[in-house]
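I have placed the structure first, in the form of structure tokens, so that the comments after it can refer back to it.
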Amino acid sequence: MVMPKNLEDFFLEHKFFSSITNESDRNIAGRLLVADKLFQNMLEGVFITDTTGVIKFINPAFSRITDYGEEIIGQTPRTFQSGKHDATFYQSMWQSVEQNGKWEGEIWNKKRNGELFLQQTTITIIKNESGQALYYAAVITDITERRKAEERLKDDLLLAKEVQKSALSQPIHNESIHIAGMYRPSELLGGDMYAWYQIDSHRYGIIMIDVMGHGVASALVCMSVRSLLRGIINTFIEPERVLEELNKHVYSLFREKESSQTKNYYLTCAYVVVDTNEHRIRYALAGHPPVFLISTDGDVNLLEEGTVPLGMLKNIVVKTGDHQYTPQHAWMVLYTDGLIESEGKSLRGNMGLLKNALVKNRSMNLDEMMHHSIANQLTELSISTFQDDVTMVVAKL
Amino acid sequence: MLRKVNDAIQVLDWKENITLKNIELFRQEVNNLLAQEDNKLMLNLAETSYINSAGLGIIAESVIQARQNNKELVIASIQQSIKEIFVIVKFSSFMKLFDTEEEAIEFLMVNGHA
């Protein structure tokens, strides 16, 4: 390979040092030597053009990345353009260099063998003492492999999201109850989940869980809890016992491994047992926002009894609540805090907004009722998307 | 930085919201508070209007840990927005929460461990 042009030549050509006679000149010479060593040995590729865009200097790393040697000198960066970006892209890039003295971004370029690669690029303008532009310096890194790895991870997460979605219960619709849910994760994977089970001929257990935090770890904690729900709900049925059992599981999840560096995970949850014969619900919350029980005339009961989030304390005391409902005339709504959190606004206030929207939309079918109420909440909170996962379950009793 | 009140109470004044950015620092500061020899401890949240879930966990665990070591950790100067969070997570069921530092001091001086 032809060796790239040496930076020393550049300094010589520009007569940066001719005959070194005094101390300050010797310092300059020292600095230039350091600069040259860096330039020759750095991992990032560098090419320097004059103000007309003609390449004047390259370093060895540039040649390693692009396969171009000294033959590129005298040409312009257009030689390695990939054709993937339009004229506007380059215009705005140069505009930024002129305005801010710098541009940072990603560019697809082409190696000498025609292979395209993604290049992380920083372009800086080099000026002389009077502020006149002399050169443009581009520092480049090949990030093609990193991007591929990121995309593989993204695909894996998408798959995991599908698995997670498939674990959500399907709607139940019969003459005594209609249950439906909606789930919108904020990131690719979230820690929210809902499920419901028919316990016997006339009882249903409905649960909503919000593992604090987001991402892969929260989703895994969520799935771990999910795997136990059917067993726990069918065995213990009553809210007090179900929450106690879940707490035992979550509390011991990471604490048993003494060497483990993992932080503790908590979850909030709302659990309700509906008895469609007695028209009665029994419930308990664990650090979860109140459940709404809406009647046909628009009255709303806030169901707030319960305990602390699960996994925080070894032993919990669970208070349960009990309500009668008028069949065919009651809606019960469970949701996660993503729907009522917004910066600088009160949780209670936001809860009121959500409650009003649900009351207003209660004559719609359940999916529409949830959809419109969530959309309304976005408008009310003046945000475009929710920061947190958003999950809602409505049971028409 | 800790502050001592009435020559008996160690107070941690946490000066900002508790978020992902400063959660580890918060953990360290609270651990430092728990490590003090005094058994009357106070976390003053006068300048905090938001606590993330990890922060709630640290507070809950610290209160329990203090109790296990025969100490009392109370939370003081709780703003309205924090109070709303504490109501939902039912913290009042197992820890002492006060609107002002004065009330917290009064409680600790009368009821705190000797």
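Throughout, read-outs are computed from the coordinates displayed, never taken from laboratory work. Remember, predicted model here, so these are calculated numbers, not experimental data. Reconstructed Cβ throughout: ideal geometry from the backbone, glycine too, with neighbour counts over all protein chains shown.
Centroid-to-centroid, using Cα positions, the range A:325-379 and the range B:1-66 are 35 Å apart. Computed from backbone phi, the HN-Hα couplings of the range B:17-34 come to 5, 9, 9, 4, 5, 10, 4, 5, 5, 4, 4, 4, 5, 5, 4, 4, 4, 5 Hz, rounded to whole numbers (Karplus: 6.51 cos²θ - 1.76 cosθ + 1.60, θ = phi - 60°; Gly and Pro given as x).
Please arrange A:TYR283, A:TYR265, B:TYR50 by counting, for each residue, the other beta carbons lying within 10 Å of its beta carbon, fewest first. Walk me through the numbers on the way to the answer.
On the way: A:TYR283 23, A:TYR265 27, B:TYR50 16.
Exposure proxy ranking, most exposed first: B:TYR50, A:TYR283, A:TYR265.
The lysine pair count for the range A:167-396, using Cα distances under 23 Å and pairs eight or more places apart or on different chains, is 10. Comparing mean-square fluctuations of A:GLN120, A:GLN324, A:GLN132 from a GNM of chain A with C-alpha springs under 10 Å, the top value falls on A:GLN132. Here the residues A:VAL221, A:VAL216, ranked from fewest to most Cβ neighbours within 10 Å of their Cβ, fall in the order A:VAL216, A:VAL221.
Could you tell me which of rounded, prolate or oblate describes the range A:167-396, using a ≥ b ≥ c as the square roots of the eigenvalues of the alpha-carbon gyration tensor, with rounded for a/c under 1.5 and, failing that, prolate when a/b is larger than b/c and oblate otherwise? Don't skip to the answer; put the middle values down first.
On the way: a/c = 1.76, a/b = 1.19, b/c = 1.48.
Oblate, because a/c is 1.5 or more while a/b does not exceed b/c.
With the radius of gyration and the Kirkwood radius both derived from the Cα set of the protein assembly as shown, what is their ratio Rg to Rh? Please report the intermediate quantities before stating the final value.
Values: Rg = 31.4 Å, Rh = 27.7 Å.
We get a ratio of 1.13 for the protein assembly as shown.
If you average the sequence gap of Cα pairs under 8 Å that are 6 or more apart and divide by the length of chain A, what percent do you get for the contact order?
On the way: 716 pairs, mean separation 47.1, N = 397.
With pairs under 8 Å counted, the relative contact order is 12 percent.
Computed from Cα atoms, the angle from the helix A:215-236 axis to the main principal axis of chain A rounds to 10 degrees.
The C-alpha atoms of chain A define a longest principal axis, and helix A:239-255 lies at about 30 degrees to it.
For the range B:2-111, please report how many Lys pairs fall under 18 Å Cα to Cα, leaving out neighbours fewer than 8 apart on the same chain.
On the way: B:LYS4/B:LYS15; B:LYS4/B:LYS40; B:LYS4/B:LYS71; B:LYS15/B:LYS83; B:LYS40/B:LYS71; B:LYS40/B:LYS96; B:LYS71/B:LYS96; B:LYS83/B:LYS96.
Value for the range B:2-111: 8.
Working from the Cα coordinates of the range A:290-360, the gyration tensor eigenvalues give, after taking √(5λ), semi-axes of 24, 20, 8 Å in decreasing order. According to the calculation over all Cα-Cα pairs in the range A:7-142, the P(r) per 10 Å bin from zero is 11, 39, 33, 13, 3, 0 %. Within straight-line reach of A:LYS37, meaning a Cα separation under 30 Å, sit the following lysines at least 8 residues removed in sequence or on another chain: A:LYS5, A:LYS15, A:LYS56, A:LYS102, A:LYS110, A:LYS111, A:LYS127.
Working from the alpha-carbon coordinates of the range A:242-357, get Rg over Rh, Rh being the Kirkwood radius. Can you show the working numbers first?
Working: Rg = 16.6 Å, Rh = 15.8 Å.
Result for the range A:242-357 is an Rg/Rh of 1.05.
Quick one: among A:ALA87, A:ALA167, A:ALA375, which has the greatest mean-square fluctuation in a GNM of chain A with alpha-carbon springs under 10 angstrom? Highest fluctuation of the listed residues: A:ALA87. For A:LYS165, the lysines whose Cα comes closer than 20 Å to its Cα, not counting residues fewer than 8 places off in the same chain, are A:LYS154. So what is the relative contact order of the range A:167-396, in percent, for Cα pairs below 8 Å that sit 6 or more residues apart? Answer for the range A:167-396 is 23 percent. In angstrom, the C-alpha Rg and Dmax of the range B:2-111 are 12.6, 37.
Between A:ASN100, A:HIS85, A:MET193, the Cα set farthest toward the positive side of the dipole of the protein assembly as shown (charges on each charged residue's Cβ, about the Cα centre) is that of A:HIS85. Sorted fewest first by neighbouring Cβ atoms within 10 angstrom, A:LEU157, A:LEU310, A:LEU285 come out as A:LEU157, A:LEU310, A:LEU285.
Note on chain B: GNM, Cα springs under 10 Å; of B:ALA35, B:ALA104, B:ALA76, the largest mean-square fluctuation is that of B:ALA35.
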